[in-house]
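**Student:** Could you have a look at this structure, given as structure tokens, before my questions?
The values are calculated or read from the model by the stated rules, or taken from the named source; none is laboratory data. Computed from a predicted model, the values in this text were never measured in an experiment. FYI the Cβ positions are ideal-geometry reconstructions off the backbone, even for glycines, and counts take in every protein chain you see. The area values use the complete protein model at the heavy-atom level, side chains included, leaving out ligands, DNA and RNA. Shrake-Rupley method; radii C 1.70, N 1.55, O 1.52, S 1.80 Å.
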Amino acid sequence: FRSTCSKTIQIVTICGLICSIFCMFEARDINIALFKSGAFDDKSVEMTTTALVFYSFAVVTTLLRDMLKNISFAMQNTRSPLVGSLINCAVNVVIMVLFTRRYGIAIITLSTTIASLVEMLFLFVLVNQQENIVDFRQTAINGAYSLVAILLAGYLVTLIPISPLGDERLNSLLAIAIRGIVYLALSVVLLLPLLTMSKNRELVKSLRRKT
């Protein structure tokens, strides 16, 4: 159970970071491709792009939060998810009440991200105390390496020039498709050392258990 949970946390973190950072770097093109037409003008694109950038930070925390809730339920611990949800609501409300007038739509989206992060950390600490699922030090190292590698891949794909095709939405779709494929390939290549080290570490642990 512990080994499965630990591997799942690592996989979810990597997948979440890949989705999050791509949405962050390609937020404008995504909004143009999906929404820009009619009354949805450049100002609307800028507003939704800002919202998507801040929401993209919440992808990883939301995925991990939901997974940790399921782990808590599997351990027959229903109190922690409930308390975590209450903390999420409280943090969200407090941030929006205090800062919405000053910062507008940016703080509305950012409050969701911060509340999700606080709830995720709360559940992570409680679940790990109960089952000792992951090594905090190793998880932090793996997370930092994954973040740097995927950020590098995300930055590099923004340097790919896309020839304009005349239609702005079609051009954005083409940019998303080309950059998305290159970004995914680069992310896999850059993360291979981490995945190889993790696999070797698991192999060493299994050999130690057998001996």
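**Student:** To the nearest 0.05, what FRET efficiency results for Gln129 and Val182 with a Förster distance of 41 Å applied to their C-beta separation?
**Tutor:** 0.50
**Student:** Using label points projected 7 Å from each Cα along Cα→Cβ, tell me how many nm separate Leu121 and Leu151, to one decimal.
**Tutor:** About 1.7 nm, to one decimal.
**Student:** In addition: Please report the base-10 log of the normalised intensity I(q)/I(0) for segment 1-79, using a Debye sum with one equal scatterer per alpha carbon and no solvent, at each q in 0.25, 0.26 (1/Å).
**Tutor:** Result of the Debye calculation: -1.06, -1.11.
**Student:** For Phe35 and Val97 in the same chain, what is the full-extension length gain: residue separation times 0.36 nm, less their Cα-Cα distance, in nm?
**Tutor:** Stretched fully, the Phe35-Val97 segment lengthens by 19.4 nm.
**Student:** As a test of understanding, state the convex hull volume per residue of segment 123-177 from its alpha carbons, in Å³.
**Tutor:** On the way: hull volume 5.7 nm³, N = 55.
Convex hull of Cα atoms, per residue: 104 Å³.
**Student:** Averaged over every viewing direction, what's the projected area of the C-alpha convex hull for the chain? Give it in nm², one decimal, please.
**Tutor:** The Cα convex hull of the chain, projected and averaged over all directions, gives 14.2 nm².
**Student:** Right, next: Note the full-extension length gain between Phe136 and Arg79 as 0.36 nm times their separation in residues minus their Cα-Cα distance, in nm to one decimal.
**Tutor:** Details: separation 57, 0.36 × 57 = 20.52 nm, distance 2.32 nm.
Taking 0.36 nm per residue and subtracting the Cα distance, the gain is 18.2 nm.
**Student:** Quickly work out the Thr4-to-Leu159 label distance, labels modelled 7 Å from Cα along the C-beta direction, and quote it in nm with one decimal.
**Tutor:** So the two model labels end up 4.4 nm from each other.
**Student:** Can you check how the C-alpha radius of gyration of segment 72-170 compares to 2.2 N^0.38 Å, as a plain ratio?
**Tutor:** On the way: Rg = 19.6 Å, N = 99, 2.2 N^0.38 = 12.6 Å.
Here the answer is 1.55, to two decimals.
**Student:** Another question, then. I'd like the carbon and sulfur percentage of the solvent accessible area for the chain, probe radius 1.4 Å, heavy atoms only, ligands and nucleic acids excluded.
**Tutor:** 69
**Student:** For the pair Cys89 and Leu170, how long in nm is the line joining their label points, each one 7 Å along Cα→Cβ?
**Tutor:** 5.0
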